[in-house]
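The values are calculated or read from the model by the stated rules, or taken from the named source; none is laboratory data. Please read all numbers here as calculations on a predicted model, not as lab measurements. As a convention, Cβ positions derive from the backbone with ideal geometry for all residues, glycine included, and neighbour counts pool all protein chains shown.
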Amino acid sequence: MHIKFISISIFLIFLIFAFTVDVDVFGGGSSGTDVSFWFYNWTGFDTGANISQIKDFEKFNSEGLLTQVLFDHHDTNGNFIKGLASNGTPIFKFNNSDEPRSVVIAGTHGNEYPSEAAAFKLINTLYDNKDKIKGTIYVIPLSNPKAALEVQREYFGYDPNRVANNSSTFSGHVVNEVVLKENISYVGDFHTMYDTRLKLIFAASGYPKSEKISKFITNKTNSEYFLSPNKGTITVTCAEHNLSSFTAEVEDGNNYGIILPNRDQWSYEQMLAYLDYTQNYVEDSNDFSNHDSSDILDMIL
Ligand SMILES: [Zn+2]
């Protein structure tokens, strides 16, 4: 019995390490906010990819977005983040205190680059403003690096944002292994879409917490408000767990694997409005109402 018990214990410990590998901890300092990141390499779901091979990878790094994080890790060549994504789904954690707890998810559909680039920009902003962070913020900039590299919406044989209520799927793992396991209360899933409207916020229909947060972000970013009819989305699945969840979309002109002008900025502003709602991170000047998009529209049409 004892040997069997010990064997099972060792196996369980091995399982814990197999699922979660805390790669590194850095940052922190006097601000009291610790920054860490790790990767998830879910059994049966190899999401890792060398994202430096992404055609427009440099756009992810426009304005030196990743520079500060990389410099602080003593790697000026970007090998750290590239290598990190090679190991699986990279997850960044900014931890100041326990509550509130929120997650920013991008790249559920790997081919939707604007939101993925926006998430990298957000990581850099949070890193540069660690002292303003309250609670705990998780950022998943590339939910599936391999799908991003291959410019794929569907992966592992399905649309990941229709099966998140199935724990055996890749997106179901995001909900179960990250959102629920880390006791996260707020869930923002960031996408792009082909639509006549430029910015949309989807709420889970019939879930007051989801509708409330969605309306706030809608108003703050001049987006349009919609109720999602789709079961199995990350938003509806999390709403079913009584969480404050929403889906944010920016228009992509039916272009995938590229970033049209301003799309990453719009997605980024949706992210900031979200963290304003959760009170995880409030910028000094976090008012987008003076952003006139009419000149941008002229450029597109
Ligand atoms: Zn999408």
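(1) modelled with pLDDT of 95 or more; (2) surrounded by fewer than 20 Cβ atoms within 10 Å (Cβ to Cβ): which one isn't true of residue 195, the others all being true?
(1)
So, residue 223, is that one among the polar types (S, T, N, Q), in contact (Cβ under 8 Å) with a residue 24 or more places away in the chain and surrounded by fewer than 16 Cβ atoms within 10 Å (Cβ to Cβ) or not?
On the way: among the polar types (S, T, N, Q): yes; in contact (Cβ under 8 Å) with a residue 24 or more places away in the chain: yes; surrounded by fewer than 16 Cβ atoms within 10 Å (Cβ to Cβ): no.
Answer is no for this residue.
Condition first: surrounded by fewer than 18 Cβ atoms within 10 Å (Cβ to Cβ) and among the hydrophobic types (A, V, I, L, M, F, W, C). Can you find one or more residues in the range 180-191 that meet it?
Among the residues of the range 180-191, at least one is surrounded by fewer than 18 Cβ atoms within 10 Å (Cβ to Cβ) and among the hydrophobic types (A, V, I, L, M, F, W, C), which makes the answer yes.
Given the conditions (1) hydroxyl-bearing (Ser, Thr, Tyr); (2) over 17 Å from the mean Cα position of the chain (by Cα); (3) within 16 Å of residue 278 (Cβ to Cβ), and given that residue 194 satisfies all but one, which numbered condition is not satisfied?
Going through the list (1) hydroxyl-bearing (Ser, Thr, Tyr); (2) over 17 Å from the mean Cα position of the chain (by Cα); (3) within 16 Å of residue 278 (Cβ to Cβ), residue 194 breaks only (3).
Determine whether residue 213 is more than 23 Å from residue 284 (Cα to Cα), away from the ligand (no atom under 14 Å from the Cβ) and either β-branched (Val, Ile, Thr) or not in a helix (DSSP H, G or I) (or both).
No: the conditions fail for residue 213.
For the range 230-237, check the following and say yes or no: at least one residue is modelled with pLDDT under 95, closer than 23 Å to residue 159 by Cβ and hydrophobic (A, V, I, L, M, F, W, C).
No, the range 230-237 contains no residue that is modelled with pLDDT under 95, closer than 23 Å to residue 159 by Cβ and hydrophobic (A, V, I, L, M, F, W, C).
Considering the range 201-220 alone, what residues qualify as being surrounded by fewer than 14 Cβ atoms within 10 Å (Cβ to Cβ) and polar (S, T, N, Q)?
219
Report yes if some residue within the range 149-165 is under 19 Å from residue 256 (Cα atoms) and touching a strand residue (DSSP E or B) at 6+ places or on another chain (Cβ under 7 Å); otherwise report no.
no
Go through the range 265-279 and give me each residue that's surrounded by 24 or more Cβ atoms within 10 Å (Cβ to Cβ) and of a type in the set (S, T, N, Q).
267, 270
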